[in-house]
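We did not get these values from a lab; they are worked out from the coordinates using the rules stated. Source: prediction; values computed, not measured. Here the Cβ positions follow ideal geometry from the backbone for every residue, glycine too, while neighbour counts run over all protein chains shown.
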Amino acid sequence: MDHDDAAADAIGGQNADRPTEDPVAAEARALLAEIEAELGAVSAALDRLEAGSYGTCEICGAPIADGVLATDPSASRCPSHP
Ligand SMILES: [Zn+2]
């Protein structure tokens, strides 16, 4: 039954890769989440641009300062609403 044991070990070895995540993979996953969040903010900004509400605060409706938009082009509210 040695051959069967070896086969079982090989299968167990493949499954064992999952629980302990590679630190590089974890870092890549975190970076990907960050990029996806940024992409979502930019996509929302493009939607506002198309709707004609870009540069207007979504909270108070006041124009967002150019300096704020220069720092964060996807800003959707003025700095007084954190
Ligand atoms: Zn505002």
³J(HN,Hα), Karplus 6.51/-1.76/1.60, whole Hz, each residue of segment 26-37, x for Gly, Pro: 5, 5, 5, 5, 5, 5, 4, 5, 5, 5, 5, 5
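Under 13 Å from the Cβ of Asp72, count the other residues' Cβ atoms, weight Lys and Arg +1, Asp and Glu -1, and hand me the total.
Numbers: positive: Arg77; negative: Glu38, Asp66.
With Lys, Arg at +1 and Asp, Glu at -1, the neighbours total -1.
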Cβ-based net charge around Arg48, under 15 Å, with every Lys or Arg adding one and every Asp or Glu removing one: -3
